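Before any comments, here is the structure.
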Amino acid sequence: MPQDENIAAVMSNAAQDIGSFIRTQREAAQVSVRQLAEKAGVSNPYLSQIERGLRKPSADVLNQIAKALRVSAEVLYIRAGILEPSENNEVRDVIITDSAITERQKQVLLEIYTSFVQQNEAQHEEGPQNEGLQIEAAGAQTDEEPTTE
């Protein structure tokens, strides 16, 4: 039974972590518990219990809260232990946590950023091959006999 106690402790810590994170985001947005509950479509007492770590919200409730707070649902899912965090990326993290832009704008920015990173990686991988071709082409130009006039 010690394993069951460990699982319960982990679940409790996850609930407290997500609750305190939601509270911090709510306070940063200068929104009351009542206002956030109304925007998210959950009851005021239920949201209060989530913030105090007494309840662990479902993915659906987290999604509703994320929309109401204008934060990424992915961030809440990771905090709640529903998703595993992906590799650290400062640009991605800043975009996801920015409350000044909408979820759609965040998605578009992340897609553009990802495409630039992938394009740069592809060019970097092709780099040595292309450099060799450029050197050969330069050599071919110098192998020609110069014209004299």
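Looking at (1) at pLDDT 95 or above; (2) more than 26 Å from VAL94 (Cα to Cα); (3) of a type in the set (A, V, I, L, M, F, W, C), which is the only condition ALA40 fails?
Condition not satisfied by ALA40: (2).
Looking at ALA100, ALA73, ALA59, can you tell me which residue is surrounded by 15 or more Cβ atoms within 10 Å (Cβ to Cβ) and of a type in the set (A, V, I, L, M, F, W, C)?
ALA73
Kindly establish whether GLU27 is more than 17 Å from the chain's Cα centre (by Cα) and charged (D, E, K, R).
It is true that GLU27 is more than 17 Å from the chain's Cα centre (by Cα) and charged (D, E, K, R).
Check off (1) touching a helix residue (DSSP H, G or I) at 6+ places or on another chain (Cβ under 8 Å); (2) modelled with pLDDT under 80 for GLU149 and give me the number that stays unchecked.
(1)
Which residues, taken from the range 47-65, are within 19 Å of LEU83 (Cβ to Cβ) and assigned to a helix (DSSP H, G or I)?
ILE50, ALA59, ASP60, VAL61, LEU62, ASN63, GLN64, ILE65, listed by residue number.
If you go through the range 29-71, how many residues are within 22 Å of GLN107 (Cα to Cα), in contact with a Ser or Thr (Cβ under 9 Å, 6 or more places away or on another chain) and either among the small types (Gly, Ala, Ser) or assigned by TED's automatic domain parsing to the domain that holds ASP98 (or both)?
Residues that pass the stated criteria total 2.
Would you please list the contacts, defined by Cβ atoms under 6 Å and residues six or more apart or on different chains, that run from a residue in the range 96-111 that is free of Cβ contacts under 8 Å to residues at least 24 places away in the same chain to a residue that is part of a helix (DSSP H, G or I) and surrounded by 12 or more Cβ atoms within 10 Å (Cβ to Cβ)?
Final answer for the pair search is LEU109/ILE95; LEU110/ILE95.
Table: residues versus (1) closer than 17 Å to GLU27 by Cα; (2) touching a residue at least 12 places away in the same chain (Cβ under 8 Å).
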| site | (1), (2) |
| --- | --- |
| GLY53 | yes, yes |
| PRO57 | no, yes |
| LEU69 | yes, yes |
| GLU74 | no, yes |
| TYR77 | no, yes |
| ALA80 | no, yes |
| GLU84 | no, no |
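Based on this model, can you work out whether VAL91 counts as out of contact with any Lys or Arg (no Cβ under 7 Å at 6 or more places or on another chain) and either within 24 Å of THR114 (Cβ to Cβ) or part of a loop (DSSP other than H, G, I, E, B) (or both)?
Considered against the rule, which asks whether it is out of contact with any Lys or Arg (no Cβ under 7 Å at 6 or more places or on another chain) and either within 24 Å of THR114 (Cβ to Cβ) or part of a loop (DSSP other than H, G, I, E, B) (or both), VAL91 comes out as yes.
The values are calculated or read from the model by the stated rules, or taken from the named source; none is laboratory data. None of the values given here were measured: they were computed from a predicted structure. Counting neighbours? That spans all protein chains shown, and the Cβs are built from the backbone with ideal geometry, glycine included.
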